[in-house]
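The values are calculated or read from the model by the stated rules, or taken from the named source; none is laboratory data. Since we're looking at a predicted model, the values are computed, not measured. Quick reminder, even Gly has a Cβ in these numbers, built from the backbone with ideal geometry, and neighbours come from all protein chains shown. Surface accessibility is based on the protein's heavy atoms, side chains included, excluding ligands, DNA and RNA. Shrake-Rupley method; radii C 1.70, N 1.55, O 1.52, S 1.80 Å.
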Amino acid sequence: MNAGILSYDDADGMVRSHAAQLLARTRRAETVPLPASLGRTLAQPIVADRDQPPFPRSTRDGFACRSAYLAESRTLRVAGHLRAGEVWTGPALESGQAIEIMTGAPVPAGADCVLMVEHAKVDARAVTPMRALKPGENIVPAGAEARTRTTLIEPGARIGPQHIALAAACGYETVSVFASPRVAILATGDELVELGQKPLPHQIRNSNSYSLAAQVARNGGIPVIRPAVRDSLEASEAAIRAALDCDLLILSGGVSMGKYDFVEQALAGLNAEFFFTGARIQPGRPIVFGRVPSQNLYFFGLPGNPVSTLVTFALFAAPLLAALAGQTAIGPDFAQATLKEPAEGKPGLTRFLPASLESSADAANIRAVPWQGSGDQSAAAKTNCFLVVPEDVIKLSAGETVTFLRL
Ligand code: AMP
Ligand code: MG
């Protein structure tokens, strides 16, 4: 059972190697209406059914004309008018002529550029350009964005609004997506009471089941919240057995060295393999990752302290869940920002400190927030990310470019 305590990088590498194996699995797919596919994982390629754009498209409101003829103050005669959804059926455009054209309309034969209306002096039937244009300006040629029959989105993409836009443009009313993994959520702890109950002074409410359910849903899984598990070996074993039909098992609490921490022991009783039983991170050190071979079922035993639970899910469980869902890009979701106030490291531990990120179009600034440690949910709720302090760093200084983890 004692598989060892790994550095953050090694623990991450371990999860990634299992995620890579998971991606090779065949998985069930289902067909859903396109608007319902948001957040699901694409199980089929999205293929262009025609060239995109299907015709040379004007990208501006203005005047289609010939660039060779265009020079400042050389007047063009307006030969006609064309809006999106229409096609020019008049004679081919000649030098000295222009056709008034709207954004999205097909550029008529003979024209090779579109003079923006903002760059023209317009009279009743004539247009005087205020600048010269190069061939192709303000026109997207037919097929420049995509060619008929080419694959535009590969299976394994997590479907976002941009994918829905393109699938709609290609005529997909429905798409095939992978079945979402069902994730069993088991909170352990004798001190826990459920939301409808009034806690006695020495009890606390079970919040982890709900934060985990939110993280599962956000990362492409279906949360299956099980009743909280008492701190005994029998109760832990029974609860784990009852959850073996799910695709991933997430436990919270009961993985420390306390006298009433039974999660590892219960899993070992099911002949579980353990890939690591801790990581040199803070918060979140007592994290357990393994698999029940008989069911080919992966599990995470996450520490019960609520901030540790949030961080360890984002670091390790979210990427594995993404791979289970068939996603090819699995995270975790790191990015960079400028540190606004110094932050302390703990050599030997990679720290993930609750932090608030303020970003604008030209700056991303981050600062760690004061907190009382890994049980401090109030501090975590004031934040939107975790500042990463690498294990070999004693102190990060203000002004440094630092890495943060998005939830
Ligand atoms: P454990 O990991 O079981 O030793 O728990 C560590 C701390 O997290 C203790 O203070 C627990 O009361 C708290 N805790 C454990 N499970 C939960 C939960 N489901 N919701 C909120 N707090 C929890
Ligand atoms: Mg406990």
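Against the criterion of being touching a helix residue (DSSP H, G or I) at 6+ places or on another chain (Cβ under 6 Å) and among the charged types (D, E, K, R), residue 61 qualifies.
Residue-level analysis places residue 176 outside the set of residues that are touching a Pro at 6+ places or on another chain (Cβ under 6 Å), in contact (Cβ under 8 Å) with a residue 60 or more places away in the chain and either more than 16 Å from ligand 2 (Cβ to nearest atom) or small (Gly, Ala, Ser) (or both). Cβ-Cβ contacts under 7 Å between residues 6 or more apart (or on different chains), taken from a first residue in segment 138-161 that is within 14 Å of residue 44 (Cβ to Cβ) to a second residue that is assigned to a loop (DSSP other than H, G, I, E, B) and of a type in the set (Lys, Arg), are listed as 159/40.
A quick yes/no check of all residues on (1) away from ligand 2 (no atom under 16 Å from the Cβ); (2) closer than 14 Å to residue 316 by Cβ; (3) open to solvent by less than 50 Å² (accessible area, probe 1.4 Å):
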| residue | (1), (2), (3) |
| --- | --- |
| 235 | no, no, yes |
| 239 | no, no, yes |
| 262 | no, no, yes |
| 269 | yes, no, yes |
| 273 | yes, no, no |
| 290 | yes, yes, yes |
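The residues of segment 126-141 that are open to solvent by 60 Å² or more (accessible area, probe 1.4 Å) and either at pLDDT below 95 or not in a loop (DSSP other than H, G, I, E, B) (or both), listed by number, are 130, 131, 132.
Every test in (1) in contact with a strand residue (DSSP E or B) (Cβ under 7 Å, 6 or more places away or on another chain); (2) open to solvent by 40 Å² or more (accessible area, probe 1.4 Å); (3) not in a loop (DSSP other than H, G, I, E, B) is passed by residue 183 save one, and that test is (2).
Find the residue count for segment 88-125, including only residues that are hydrophobic (A, V, I, L, M, F, W, C), closer than 16 Å to residue 140 by Cα and in a loop (DSSP other than H, G, I, E, B).
Qualifying residue count for the region: 5.
For segment 361-386, the set of residues classified as within 16 Å of ligand 1 (Cβ to nearest atom) and either in contact with a helix residue (DSSP H, G or I) (Cβ under 8 Å, 6 or more places away or on another chain) or assigned to a loop (DSSP other than H, G, I, E, B) (or both) consists of 371, 372, 373, 374, 375, 376, 377, 379, 380, listed by residue number. Would you be able to say whether some residue in segment 346-355 is without any contact (Cβ under 8 Å) to a residue 40 or more places away in the chain and closer than 30 Å to residue 248 by Cα? Within segment 346-355 (the criterion being without any contact (Cβ under 8 Å) to a residue 40 or more places away in the chain and closer than 30 Å to residue 248 by Cα), the answer is yes, since at least one residue qualifies.
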